[in-house]
1. Going through region 327-341 one residue at a time, which ones are of a type in the set (Asp, Glu) and touching a residue at least 24 places away in the same chain (Cβ under 8 Å)?
2. So how many residues does region 385-397 have that are more than 20 Å from the chain's Cα centre (by Cα) and assigned to a helix (DSSP H, G or I)?
3. Could you check Pro196 against (1) surrounded by 20 or more Cβ atoms within 10 Å (Cβ to Cβ); (2) over 21 Å from Val300 (Cα atoms); (3) not small (Gly, Ala, Ser) and say which number it fails?
4. Among the residues of region 441-462, write down those that are farther than 20 Å from Asn501 by Cα and open to solvent by 10 Å² or more (accessible area, probe 1.4 Å).
5. Criterion first (modelled with pLDDT under 85, within 17 Å of Leu126 (Cα to Cα) and either over 44 Å from the mean Cα position of the chain (by Cα) or among the charged types (D, E, K, R) (or both)) does Phe32 satisfy it?
6. Just need a number here: residues in region 412-428 that are touching a residue at least 60 places away in the same chain (Cβ under 8 Å) and touching a Phe, Trp or Tyr at 6+ places or on another chain (Cβ under 9 Å).
7. If you go through region 385-396 one residue at a time, do you hit one that is over 17 Å from Thr330 (Cα atoms), touching a strand residue (DSSP E or B) at 6+ places or on another chain (Cβ under 9 Å) and crowded, with 22+ Cβ neighbours inside 10 Å?
8. Being part of a helix (DSSP H, G or I) and open to solvent by 40 Å² or more (accessible area, probe 1.4 Å) is the filter here, so list the residues in region 235-249 that pass it.
Amino acid sequence: MDFVKEELAEGSSLDSFEDGFHLTMLGESEFFSSPPRKAVRFGGTVTEILKKYKQGDTVDYDLLMTQLDDPEIKDAQIINWLQEFRDAVAQLTKDFEHVVSKILKLPWLSRSPVVIEEYLAFLSNLVSAQTVYLRSCLSMLVSSFVPGRIVVQENGVDISDSEDEDENLPRNFDICHRALQIIAKYVPSTPQFLMPILVEKFPFANKSARILECYVHNLLRITVYFPVLRLKILELVVEKFLKLDVSASRNDIEDAEEAVAEAKNGLSTCAEEGLFDMDEDEGKRKIHLSLPNDEMAHPVAERLDILMSVLLAYIKDICYDNGELALTRTKELYRDLIVVFDKLVLPTHASCHVQYFMFYICSFKLGLAEAFLEHLWKMMQNPNNPAIIRQAAAGYIGSFLARATYIPVLTVKTCFDLLVPWIHDYLDNQDAGTKAYCDVALHGPFYSACQAVFYIFIFRYKQILDRNLKKGLAYLQNLNFERIVMCQLNPLKVCLPSVVNLFAAITRKFQLAFCYTVIERNNRQLIPVVRSSTGGDLIQICTNPLDSFFPFDPYILKRSKKIFDGIYRVWEDLSLQDIQVPQKITKLETAEDEEDDFLKGESLQNETIGITPSSLESHMHSPSSVGSPLAVFPLHHF
């Protein structure tokens, strides 16, 4: 749909929409002074009919209602009625709500340009004289923000509910936006009455992707000429997106994609071998083999993919003007988005994609990325914030610094210089206390900060060391990772095993910290926390006691994913030459000089080690109540 991609120019006004309204019509003054066309009609004028109705004579009124209901009503007749209703608008009090409702249900958008202009004039007169109808007029216009529906019947039974692929949809949307602006000219309070209607009319999540796309696009377009509504509309849109996002987990989406891929491969193989019963399986084969490459197999993911494309396109259109960044507009939009982020996104656990609107806008200018990091840092270190919010903020800092290619190493080091001293200060304060022991409930923000530091280090250590190895090592040594990993709070026991294992291997190579003594001790002390509900002997180990996730883990929606090409850092598997691979720990007191089997399960003959520090694909531990070595299973590559 081309209209989804149209640019939303800053400062759009009624005049600009009128200029872009490509319809052949008479000039306003010429039109309104022209006499109505002749038309076949019955009964008196509208003024006379309304007067008789109040006197108890309803014959002509009933005839009028019948004519307005006529699906074959002609343009000339509609124009006649509308002009007479404009003359009688002062009489259209609440008593005549029924007839006004009939007028608002007229299929005016599909009529000629002359009818459309007359209808817009009627709306402006109506809301000016009878504000009681303002909400009805706004509701009618908002209802037109989605395609109409066509119900196909066979023998009186609905057999299809297909979308109306009317090529005039963009034109109709233009007219509705123009009508809203006209109404706002006469009723300045229009935006405050409009917002509840926009919320009420938002399509249900199970509606088609096309309906949702059209509605969201039109909502965002409203923010251009009603900027006072932008924050509320963005909140509404993001709230709906999040509901879709959390209802389709990463695993569910990937499973659906794998199922379709397997079906394609299986059906293709069968076709090549001539094993198809063509009459019986033709329909099934078409379903699986005709799925476009950029279409998501999971229906909720498909809707979210299209909607995220609309939102990201809107952000770019607002921030860029003819390819140049409009800094003032960008800052204003950033301020609104950060409010939405704090209110809705940050408290939402395990959303996979919606938060990427912040990742995207921060890519436009380094100052925005640094402002976002500073904002997260303040939230993380503020003891007045709930622990869960502080932990989420730490997760965002770690994931953002690790994944954003547009953040230079200097900014990474600046964040290290904030995070690591904070961790050391926290340890200083705990040394003399009575709570200096491993407990997630007591020290959640501390563990999240440690995990963020470990995660950032895994992704960015090469850049820190690249330019000057000696200076880079001196910088990292001054961070004193050794104290952090050896402290009584024991962060290596709480942080995700996948992150801990990689951090241990890399810091060992550069002699920045020696983690394997602690890792092996923790491994022996792991306590089974969940037993089988069926009463069997199955024992599970909690491998994510922080209940943490990395919000900028790989984006897997196919269409909108393309927007992040070049600005997103994909995990590169470590080569065997990058780290020293421990083989086995035999004596804890000499573990620094021994080798561990934390990579057990990986083929060391391969050129790379396929471990992804992803919270959603962390290593699984074997039960270790008897000190068995850590069993690590290969993770999916991305």
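The values are calculated or read from the model by the stated rules, or taken from the named source; none is laboratory data. Quantities reported herein were computed from a predicted structural model and do not represent experimental measurements. As a convention, Cβ positions derive from the backbone with ideal geometry for all residues, glycine included, and neighbour counts pool all protein chains shown. Only protein heavy atoms, including side chains, enter the accessible area calculation; ligands, DNA and RNA are left aside. Shrake-Rupley method; radii C 1.70, N 1.55, O 1.52, S 1.80 Å.
1. Answer for region 327-341, where residues must be of a type in the set (Asp, Glu) and touching a residue at least 24 places away in the same chain (Cβ under 8 Å): just Asp336.
2. Residues of region 385-397 that are more than 20 Å from the chain's Cα centre (by Cα), as a first pass: 385-388, 390-391, 394.
Imposing the further condition that a residue be assigned to a helix (DSSP H, G or I) reduces the set to 387-388, 390-391, 394.
Adding up the residues that qualify gives 5.
3. For Pro196, the failing item is (1).
4. Step one: filter region 441-462 for residues farther than 20 Å from Asn501 by Cα, giving 441-445.
The answer is Ala441, Leu442, Pro445.
5. Numbers: modelled with pLDDT under 85: yes; within 17 Å of Leu126 (Cα to Cα): yes; either over 44 Å from the mean Cα position of the chain (by Cα) or among the charged types (D, E, K, R) (or both): yes.
For Phe32, the condition - modelled with pLDDT under 85, within 17 Å of Leu126 (Cα to Cα) and either over 44 Å from the mean Cα position of the chain (by Cα) or among the charged types (D, E, K, R) (or both) - is met.
6. If we filter region 412-428 for residues that are touching a residue at least 60 places away in the same chain (Cβ under 8 Å), which is where we start, we get 413, 416, 420, 423-424, 427.
The next check asks that each one be touching a Phe, Trp or Tyr at 6+ places or on another chain (Cβ under 9 Å); those that pass are 413, 416, 420, 423, 427.
Number of matching residues: 5.
7. Quick first cut of region 385-396, residues over 17 Å from Thr330 (Cα atoms) only: 385-396.
From what's left, touching a strand residue (DSSP E or B) at 6+ places or on another chain (Cβ under 9 Å): none.
No, region 385-396 contains no residue that is over 17 Å from Thr330 (Cα atoms), touching a strand residue (DSSP E or B) at 6+ places or on another chain (Cβ under 9 Å) and crowded, with 22+ Cβ neighbours inside 10 Å.
8. Within region 235-249, the first condition is being part of a helix (DSSP H, G or I), and the residues that meet it are 235-247.
Glu239, Lys240, Lys243, Val246, Ser247, listed by residue number.
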